[in-house]
1. Return the residues of region 298-334 that are surrounded by fewer than 24 Cβ atoms within 10 Å (Cβ to Cβ) and β-branched (V, I, T); say none if nothing qualifies.
2. Quick one: would you say V268 is under 21 Å from the mean Cα position of the chain (by Cα) and not polar (S, T, N, Q)?
3. Does region 388-419 hold any residues that are under 18 Å from E350 (Cβ atoms), surrounded by 15 or more Cβ atoms within 10 Å (Cβ to Cβ) and either of a type in the set (V, I, T) or in contact with a helix residue (DSSP H, G or I) (Cβ under 8 Å, 6 or more places away or on another chain) (or both), and which are they?
4. When both residues are 6+ apart or on different chains and their Cβ atoms are under 9 Å apart, which pairs have a first residue that lies in region 388-414 and is in contact (Cβ under 8 Å) with a residue 60 or more places away in the chain and farther than 29 Å from L358 by Cβ, and a second that is surrounded by fewer than 17 Cβ atoms within 10 Å (Cβ to Cβ) and polar (S, T, N, Q)?
5. For region 335-367, what are the residues that are farther than 17 Å from A314 by Cβ and of a type in the set (A, V, I, L, M, F, W, C)?
6. Given (1) at pLDDT 95 or above; (2) within 28 Å of A196 (Cα to Cα); (3) out of contact with any Leu (no Cβ under 7 Å at 6 or more places or on another chain), identify the lone condition not met by G345.
7. Assuming A415 fulfils every condition listed in (1) among the small types (G, A, S); (2) modelled with pLDDT under 95; (3) under 30 Å from N11 (Cβ atoms) apart from one, which condition is it?
8. How many residues, within region 98-120, are among the aliphatic types (A, V, I, L, M), out of contact with any helix residue (DSSP H, G or I) (no Cβ under 7 Å at 6 or more places or on another chain) and either at pLDDT 95 or above or not in a helix (DSSP H, G or I) (or both)?
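The values are calculated or read from the model by the stated rules, or taken from the named source; none is laboratory data. In this text the structure is predicted, and so the values were computed from the model without any measurement. All Cβ positions, even for glycine, are placed from backbone atoms using ideal geometry, and neighbour counts span all protein chains on display.
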Amino acid sequence: MRICLLTYRGNPFCGGQGVYVSYLGRELARLGHEVHCVSGPPYPLPTEGVTVHKVDGGLELWLDPAWRNNHNGHPLSALSPLKLFEWAAFHAGHFPEMTTFSVRAFGAVRRLMALGRFDIVHDNQTLGWGLLPLQALGVPLVATIHHPLSIDRVRGFEPPTSFSKQLQRTLFFPMGMQGFVARRMRRLVTVSHVSAQEIARCFGVPAARIRVIHNGLDTELFRPRPHIARVPGRVLFVGNLQDPNKGGVYLLRAMGRLLAHRGAASNVHLLVVSGGIRHWDWLNGHIAAQGLQGRIDFKFKIAPEELVDTYAGAEVAVSPSVFEGFGFPAAEAMACGVPLVAARGGALPEVVGDAGVLVPARDSAALAEAIGALLDDPARRARLGAQGRERVVVHFRWEEAARQMVDFYREAIDAHCRL
(Lines give C-alpha, C1' and ligand atoms only; values in the text may rest on other atoms or scores of the structure.)
Protein backbone atom coordinates (compact mmCIF):
# COMPACT_ATOMS: atom_id res chain seq x y z
CA MET A 1 0.00 0.00 0.00
CA ARG A 2 1.31 3.50 -0.86
CA ILE A 3 0.37 5.82 2.01
CA CYS A 4 0.67 9.60 2.34
CA LEU A 5 0.54 11.11 5.84
CA LEU A 6 -0.14 14.85 6.25
CA THR A 7 0.87 16.76 9.39
CA TYR A 8 1.20 20.51 9.81
CA ARG A 9 3.82 19.91 12.53
CA GLY A 10 5.85 16.72 12.43
CA ASN A 11 8.52 16.94 15.12
CA PRO A 12 7.89 14.99 18.36
CA PHE A 13 8.98 18.02 20.41
CA CYS A 14 5.98 19.98 19.08
CA GLY A 15 3.53 17.72 20.94
CA GLY A 16 1.41 14.61 20.58
CA GLN A 17 0.69 15.12 16.88
CA GLY A 18 4.42 14.91 16.11
CA VAL A 19 4.78 11.77 18.23
CA TYR A 20 1.75 10.26 16.52
CA VAL A 21 2.91 10.71 12.94
CA SER A 22 6.49 9.63 13.74
CA TYR A 23 5.58 6.32 15.34
CA LEU A 24 2.60 5.53 13.11
CA GLY A 25 4.72 6.14 10.01
CA ARG A 26 7.52 3.94 11.36
CA GLU A 27 5.20 1.04 12.14
CA LEU A 28 3.37 1.27 8.82
CA ALA A 29 6.75 1.06 7.07
CA ARG A 30 7.72 -1.94 9.21
CA LEU A 31 4.54 -3.66 8.05
CA GLY A 32 5.86 -3.38 4.50
CA HIS A 33 3.98 -0.32 3.23
CA GLU A 34 5.47 2.58 1.28
CA VAL A 35 5.06 5.62 3.54
CA HIS A 36 5.40 9.27 2.58
CA CYS A 37 4.92 12.17 5.00
CA VAL A 38 4.11 15.70 3.90
CA SER A 39 4.98 17.94 6.85
CA GLY A 40 5.23 21.55 7.82
CA PRO A 41 7.83 22.82 10.31
CA PRO A 42 9.09 21.74 12.74
CA TYR A 43 9.78 18.71 10.59
CA PRO A 44 9.82 15.03 11.64
CA LEU A 45 13.00 13.37 12.81
CA PRO A 46 14.52 10.95 10.26
CA THR A 47 12.53 7.70 10.41
CA GLU A 48 13.55 4.52 8.68
CA GLY A 49 11.16 3.64 5.88
CA VAL A 50 9.42 7.05 5.79
CA THR A 51 10.09 9.57 3.02
CA VAL A 52 9.52 13.11 4.32
CA HIS A 53 8.42 15.89 1.96
CA LYS A 54 8.92 19.28 3.64
CA VAL A 55 6.55 22.09 2.82
CA ASP A 56 7.17 25.68 3.75
CA GLY A 57 5.83 27.27 6.89
CA GLY A 58 5.32 30.97 6.39
CA LEU A 59 5.03 31.81 10.08
CA GLU A 60 8.65 30.68 10.57
CA LEU A 61 9.66 33.46 8.20
CA TRP A 62 8.04 36.13 10.35
CA LEU A 63 8.69 34.73 13.82
CA ASP A 64 12.17 33.17 13.60
CA PRO A 65 14.94 35.54 12.45
CA ALA A 66 17.48 32.68 12.32
CA TRP A 67 15.24 30.75 9.92
CA ARG A 68 14.67 33.91 7.88
CA ASN A 69 18.38 34.67 7.58
CA ASN A 70 19.23 31.11 6.54
CA HIS A 71 16.28 30.60 4.20
CA ASN A 72 17.50 29.42 0.80
CA GLY A 73 14.47 30.54 -1.14
CA HIS A 74 14.17 33.61 -3.35
CA PRO A 75 14.24 36.87 -1.32
CA LEU A 76 10.82 37.82 -2.69
CA SER A 77 9.30 34.50 -1.59
CA ALA A 78 8.27 36.23 1.63
CA LEU A 79 5.88 38.33 -0.46
CA SER A 80 3.88 35.37 -1.78
CA PRO A 81 0.12 35.71 -1.21
CA LEU A 82 0.03 32.76 1.20
CA LYS A 83 2.84 34.11 3.37
CA LEU A 84 1.35 37.58 3.40
CA PHE A 85 -1.95 36.04 4.47
CA GLU A 86 -0.15 34.20 7.30
CA TRP A 87 1.51 37.40 8.45
CA ALA A 88 -1.74 39.36 8.41
CA ALA A 89 -3.79 36.61 10.07
CA PHE A 90 -1.23 36.03 12.81
CA HIS A 91 -0.99 39.72 13.68
CA ALA A 92 -4.79 39.91 13.70
CA GLY A 93 -4.86 37.24 16.43
CA HIS A 94 -5.73 34.20 14.32
CA PHE A 95 -3.97 30.83 13.96
CA PRO A 96 -3.49 30.39 10.18
CA GLU A 97 -1.06 27.45 10.28
CA MET A 98 -3.64 24.73 9.65
CA THR A 99 -5.27 26.66 6.82
CA THR A 100 -2.06 27.48 4.97
CA PHE A 101 -0.54 24.03 5.50
CA SER A 102 -3.62 22.39 4.00
CA VAL A 103 -3.26 24.55 0.87
CA ARG A 104 0.45 23.72 0.58
CA ALA A 105 -0.26 20.04 1.27
CA PHE A 106 -2.78 19.96 -1.59
CA GLY A 107 -0.09 21.21 -3.96
CA ALA A 108 2.49 18.76 -2.60
CA VAL A 109 0.18 15.75 -2.88
CA ARG A 110 -0.85 16.71 -6.40
CA ARG A 111 2.83 16.89 -7.45
CA LEU A 112 3.62 13.56 -5.77
CA MET A 113 0.60 11.92 -7.41
CA ALA A 114 2.16 12.73 -10.79
CA LEU A 115 5.02 10.40 -9.81
CA GLY A 116 2.81 7.60 -8.50
CA ARG A 117 -0.72 7.22 -7.23
CA PHE A 118 -1.32 6.97 -3.48
CA ASP A 119 -3.68 4.31 -2.21
CA ILE A 120 -4.74 6.58 0.65
CA VAL A 121 -4.01 10.02 2.11
CA HIS A 122 -4.22 10.37 5.89
CA ASP A 123 -4.43 13.84 7.45
CA ASN A 124 -3.25 14.33 11.03
CA GLN A 125 -5.44 16.97 12.74
CA THR A 126 -5.13 19.67 10.03
CA LEU A 127 -8.73 19.70 8.77
CA GLY A 128 -7.97 22.74 6.65
CA TRP A 129 -9.74 24.06 3.56
CA GLY A 130 -7.09 22.47 1.31
CA LEU A 131 -8.39 19.00 2.16
CA LEU A 132 -11.63 19.60 0.29
CA PRO A 133 -10.05 19.78 -3.19
CA LEU A 134 -7.80 16.87 -2.21
CA GLN A 135 -10.88 14.67 -2.28
CA ALA A 136 -11.28 15.58 -5.94
CA LEU A 137 -7.93 13.97 -6.82
CA GLY A 138 -9.61 10.57 -6.77
CA VAL A 139 -7.74 9.11 -3.80
CA PRO A 140 -9.41 8.04 -0.52
CA LEU A 141 -8.87 10.60 2.25
CA VAL A 142 -9.16 9.98 5.99
CA ALA A 143 -8.26 12.20 8.94
CA THR A 144 -7.23 11.79 12.56
CA ILE A 145 -8.75 14.20 15.09
CA HIS A 146 -6.97 13.92 18.43
CA HIS A 147 -9.62 16.16 19.97
CA PRO A 148 -11.74 19.06 18.66
CA LEU A 149 -10.23 22.54 19.03
CA SER A 150 -13.34 23.67 20.92
CA ILE A 151 -11.82 21.88 23.93
CA ASP A 152 -8.76 24.17 23.78
CA ARG A 153 -10.92 27.27 23.38
CA VAL A 154 -13.10 26.42 26.38
CA ARG A 155 -10.01 25.92 28.56
CA GLY A 156 -8.89 29.40 27.53
CA PHE A 157 -12.04 30.86 29.11
CA GLU A 158 -11.31 29.49 32.57
CA PRO A 159 -10.32 31.95 35.32
CA PRO A 160 -8.08 33.78 35.93
CA THR A 161 -8.01 34.49 32.17
CA SER A 162 -8.78 38.14 31.38
CA PHE A 163 -11.54 39.23 28.99
CA SER A 164 -8.97 40.30 26.40
CA LYS A 165 -7.34 36.85 26.56
CA GLN A 166 -10.73 35.18 26.21
CA LEU A 167 -11.47 37.28 23.14
CA GLN A 168 -8.06 36.41 21.76
CA ARG A 169 -8.74 32.68 22.23
CA THR A 170 -12.09 33.03 20.45
CA LEU A 171 -10.39 34.55 17.41
CA PHE A 172 -7.35 32.27 17.56
CA PHE A 173 -8.79 28.81 16.91
CA PRO A 174 -10.18 27.95 13.43
CA MET A 175 -13.00 25.81 14.83
CA GLY A 176 -15.48 26.77 12.13
CA MET A 177 -13.10 25.56 9.44
CA GLN A 178 -12.29 22.31 11.24
CA GLY A 179 -15.93 21.50 11.95
CA PHE A 180 -16.95 22.28 8.36
CA VAL A 181 -14.19 20.07 6.89
CA ALA A 182 -14.74 17.25 9.43
CA ARG A 183 -18.42 17.00 8.52
CA ARG A 184 -17.42 16.52 4.88
CA MET A 185 -14.92 13.74 5.56
CA ARG A 186 -16.32 10.29 4.87
CA ARG A 187 -14.18 8.59 7.54
CA LEU A 188 -12.46 9.90 10.66
CA VAL A 189 -10.29 8.21 13.23
CA THR A 190 -9.52 9.29 16.78
CA VAL A 191 -7.43 8.05 19.67
CA SER A 192 -9.94 7.49 22.49
CA HIS A 193 -13.64 6.95 23.09
CA VAL A 194 -13.84 10.25 24.98
CA SER A 195 -12.43 12.10 21.97
CA ALA A 196 -14.92 10.33 19.70
CA GLN A 197 -17.80 11.56 21.87
CA GLU A 198 -16.44 15.13 21.86
CA ILE A 199 -15.94 15.13 18.08
CA ALA A 200 -19.51 13.98 17.54
CA ARG A 201 -20.83 16.56 20.02
CA CYS A 202 -18.70 19.58 19.03
CA PHE A 203 -18.39 19.07 15.27
CA GLY A 204 -21.72 17.38 14.58
CA VAL A 205 -20.11 14.36 12.95
CA PRO A 206 -22.21 11.15 13.01
CA ALA A 207 -20.68 8.70 15.47
CA ALA A 208 -20.81 5.94 12.84
CA ARG A 209 -18.17 7.80 10.81
CA ILE A 210 -15.63 7.86 13.66
CA ARG A 211 -13.29 4.94 14.36
CA VAL A 212 -11.38 4.69 17.65
CA ILE A 213 -7.81 3.38 17.39
CA HIS A 214 -5.84 3.97 20.56
CA ASN A 215 -2.34 5.39 20.35
CA GLY A 216 0.56 3.08 20.98
CA LEU A 217 3.79 3.48 22.88
CA ASP A 218 7.34 2.38 22.15
CA THR A 219 7.65 -0.05 25.05
CA GLU A 220 11.20 -0.98 24.04
CA LEU A 221 12.27 2.63 24.56
CA PHE A 222 9.95 3.50 27.44
CA ARG A 223 10.77 0.78 29.94
CA PRO A 224 11.85 0.51 33.59
CA ARG A 225 15.53 1.18 34.26
CA PRO A 226 16.12 -0.37 37.68
CA HIS A 227 19.81 0.54 37.66
CA ILE A 228 18.82 4.23 37.97
CA ALA A 229 18.07 5.21 41.56
CA ARG A 230 14.88 7.08 42.36
CA VAL A 231 15.51 10.59 43.65
CA PRO A 232 13.78 10.91 47.06
CA GLY A 233 10.82 13.27 46.94
CA ARG A 234 10.95 13.83 43.18
CA VAL A 235 7.61 14.50 41.48
CA LEU A 236 7.78 14.56 37.67
CA PHE A 237 5.58 16.46 35.22
CA VAL A 238 6.14 16.12 31.46
CA GLY A 239 4.33 18.66 29.32
CA ASN A 240 3.54 22.34 28.86
CA LEU A 241 2.74 23.95 32.22
CA GLN A 242 1.19 26.93 30.45
CA ASP A 243 -1.28 24.96 28.34
CA PRO A 244 -4.65 25.31 30.12
CA ASN A 245 -5.55 21.74 29.09
CA LYS A 246 -2.56 20.33 31.00
CA GLY A 247 -3.67 21.60 34.41
CA GLY A 248 -0.33 23.20 35.27
CA VAL A 249 -1.89 25.79 37.58
CA TYR A 250 -3.55 23.06 39.64
CA LEU A 251 -0.27 21.14 39.87
CA LEU A 252 1.61 24.20 41.13
CA ARG A 253 -1.11 24.84 43.72
CA ALA A 254 -0.99 21.18 44.76
CA MET A 255 2.78 21.32 45.22
CA GLY A 256 2.39 24.48 47.29
CA ARG A 257 -0.16 22.76 49.55
CA LEU A 258 2.03 19.69 49.87
CA LEU A 259 5.09 21.69 50.89
CA ALA A 260 3.10 23.86 53.29
CA HIS A 261 1.82 20.69 54.98
CA ARG A 262 5.21 18.96 55.16
CA GLY A 263 7.36 21.91 56.12
CA ALA A 264 10.72 23.27 55.03
CA ALA A 265 12.58 20.09 55.98
CA SER A 266 10.69 18.07 53.36
CA ASN A 267 12.63 16.82 50.34
CA VAL A 268 9.61 17.09 48.00
CA HIS A 269 10.37 18.89 44.75
CA LEU A 270 8.98 19.13 41.22
CA LEU A 271 10.86 18.41 38.01
CA VAL A 272 9.26 19.72 34.79
CA VAL A 273 10.23 18.37 31.38
CA SER A 274 8.97 20.63 28.63
CA GLY A 275 9.53 21.80 25.09
CA GLY A 276 10.12 25.29 26.47
CA ILE A 277 8.56 28.12 28.48
CA ARG A 278 7.14 31.09 26.59
CA HIS A 279 5.87 33.27 29.46
CA TRP A 280 8.35 33.19 32.33
CA ASP A 281 6.67 36.13 34.12
CA TRP A 282 3.43 34.17 34.33
CA LEU A 283 5.20 31.06 35.58
CA ASN A 284 7.48 32.85 38.04
CA GLY A 285 4.44 34.59 39.52
CA HIS A 286 2.79 31.22 40.23
CA ILE A 287 6.04 29.76 41.60
CA ALA A 288 6.39 32.69 44.01
CA ALA A 289 2.71 32.56 45.01
CA GLN A 290 3.01 28.87 45.94
CA GLY A 291 6.39 29.20 47.68
CA LEU A 292 8.08 26.86 45.21
CA GLN A 293 11.34 28.79 44.84
CA GLY A 294 14.17 26.26 44.99
CA ARG A 295 11.64 23.41 44.75
CA ILE A 296 11.14 23.30 40.99
CA ASP A 297 13.63 22.41 38.25
CA PHE A 298 13.33 22.27 34.47
CA LYS A 299 14.64 20.23 31.55
CA PHE A 300 13.94 21.39 28.00
CA LYS A 301 13.79 19.46 24.71
CA ILE A 302 15.70 16.45 25.96
CA ALA A 303 16.44 13.40 23.81
CA PRO A 304 14.16 10.36 24.19
CA GLU A 305 16.82 8.29 25.99
CA GLU A 306 17.36 11.07 28.52
CA LEU A 307 13.60 11.35 28.98
CA VAL A 308 13.42 7.65 29.89
CA ASP A 309 16.27 8.12 32.38
CA THR A 310 14.37 11.09 33.82
CA TYR A 311 11.26 8.97 34.31
CA ALA A 312 13.41 6.33 36.02
CA GLY A 313 14.63 8.87 38.57
CA ALA A 314 11.16 10.01 39.69
CA GLU A 315 9.28 8.62 42.67
CA VAL A 316 5.92 9.83 41.36
CA ALA A 317 4.75 11.08 37.95
CA VAL A 318 1.75 13.35 37.69
CA SER A 319 -0.67 14.17 34.86
CA PRO A 320 -3.12 16.81 36.14
CA SER A 321 -4.76 17.53 32.77
CA VAL A 322 -8.20 19.03 32.54
CA PHE A 323 -8.60 17.29 29.19
CA GLU A 324 -6.50 14.81 27.23
CA GLY A 325 -7.43 13.17 23.95
CA PHE A 326 -5.07 10.36 24.99
CA GLY A 327 -2.19 11.48 27.24
CA PHE A 328 1.24 10.35 26.05
CA PRO A 329 3.14 11.45 29.21
CA ALA A 330 0.80 9.39 31.40
CA ALA A 331 1.32 6.30 29.24
CA GLU A 332 5.08 6.91 29.11
CA ALA A 333 5.33 7.09 32.89
CA MET A 334 3.35 3.87 33.23
CA ALA A 335 5.51 2.12 30.64
CA CYS A 336 8.59 3.16 32.61
CA GLY A 337 7.16 1.67 35.80
CA VAL A 338 6.67 5.03 37.51
CA PRO A 339 3.59 5.27 39.77
CA LEU A 340 1.18 7.80 38.35
CA VAL A 341 -1.26 10.30 39.79
CA ALA A 342 -3.64 11.56 37.09
CA ALA A 343 -6.69 13.77 36.91
CA ARG A 344 -9.92 12.41 35.49
CA GLY A 345 -9.50 14.72 32.51
CA GLY A 346 -10.74 13.49 29.15
CA ALA A 347 -9.27 10.12 28.19
CA LEU A 348 -6.90 9.75 31.15
CA PRO A 349 -9.17 7.29 33.01
CA GLU A 350 -9.42 5.32 29.74
CA VAL A 351 -5.62 5.12 29.53
CA VAL A 352 -4.77 4.72 33.22
CA GLY A 353 -7.51 2.28 34.22
CA ASP A 354 -6.81 0.87 37.68
CA ALA A 355 -3.02 1.10 37.20
CA GLY A 356 -2.70 4.57 38.74
CA VAL A 357 -4.30 6.99 41.19
CA LEU A 358 -7.12 9.06 39.68
CA VAL A 359 -8.34 12.31 41.25
CA PRO A 360 -10.95 14.88 40.15
CA ALA A 361 -9.72 17.39 37.58
CA ARG A 362 -9.02 20.94 38.88
CA ASP A 363 -8.87 19.66 42.48
CA SER A 364 -5.50 20.79 43.84
CA ALA A 365 -6.26 19.49 47.34
CA ALA A 366 -7.01 15.97 46.07
CA LEU A 367 -3.95 16.09 43.84
CA ALA A 368 -1.70 17.10 46.74
CA GLU A 369 -3.16 14.40 48.97
CA ALA A 370 -2.67 11.69 46.34
CA ILE A 371 0.93 12.69 45.62
CA GLY A 372 1.76 12.81 49.31
CA ALA A 373 0.16 9.44 50.00
CA LEU A 374 2.22 7.79 47.24
CA LEU A 375 5.45 9.40 48.40
CA ASP A 376 4.81 7.92 51.85
CA ASP A 377 4.04 4.39 50.61
CA PRO A 378 6.97 2.65 48.80
CA ALA A 379 5.13 -0.68 48.56
CA ARG A 380 2.15 0.91 46.81
CA ARG A 381 4.47 2.81 44.47
CA ALA A 382 6.15 -0.44 43.45
CA ARG A 383 2.81 -2.17 42.93
CA LEU A 384 1.32 0.62 40.81
CA GLY A 385 4.53 0.93 38.79
CA ALA A 386 4.35 -2.76 37.84
CA GLN A 387 0.63 -2.55 37.04
CA GLY A 388 1.17 0.50 34.86
CA ARG A 389 3.89 -1.19 32.84
CA GLU A 390 1.73 -4.27 32.30
CA ARG A 391 -1.28 -2.22 31.19
CA VAL A 392 0.67 -0.32 28.55
CA VAL A 393 2.36 -3.44 27.18
CA VAL A 394 -0.98 -5.24 26.86
CA HIS A 395 -3.19 -2.41 25.57
CA PHE A 396 -1.09 0.31 23.91
CA ARG A 397 1.41 -0.88 21.30
CA TRP A 398 2.21 1.01 18.10
CA GLU A 399 2.45 -2.21 16.12
CA GLU A 400 -1.14 -3.07 16.98
CA ALA A 401 -2.28 0.52 16.33
CA ALA A 402 -0.70 0.37 12.86
CA ARG A 403 -2.35 -2.99 12.08
CA GLN A 404 -5.75 -1.58 13.04
CA MET A 405 -5.01 1.51 10.93
CA VAL A 406 -4.24 -0.63 7.87
CA ASP A 407 -7.61 -2.39 8.31
CA PHE A 408 -9.24 1.05 8.54
CA TYR A 409 -7.44 2.15 5.36
CA ARG A 410 -8.65 -0.93 3.50
CA GLU A 411 -12.23 -0.25 4.54
CA ALA A 412 -11.89 3.33 3.31
CA ILE A 413 -10.38 2.19 0.00
CA ASP A 414 -13.14 -0.42 -0.53
CA ALA A 415 -15.82 2.18 0.22
CA HIS A 416 -14.17 4.66 -2.16
CA CYS A 417 -14.09 2.09 -4.95
CA ARG A 418 -17.82 1.47 -4.53
CA LEU A 419 -18.69 5.14 -5.08
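1. Listed by number, the residues that qualify are I302, V308, T310, V322.
2. no
3. Scanning region 388-419 gives G388, R389, R391, V392, F396, W398, A401.
4. none
5. Result: A343, A347, L348, V351, L358, V359, A361, A365, A366.
6. Among (1) at pLDDT 95 or above; (2) within 28 Å of A196 (Cα to Cα); (3) out of contact with any Leu (no Cβ under 7 Å at 6 or more places or on another chain), the lone unmet condition for G345 is (1).
7. So A415 meets the others, but not (3).
8. Count: 5.
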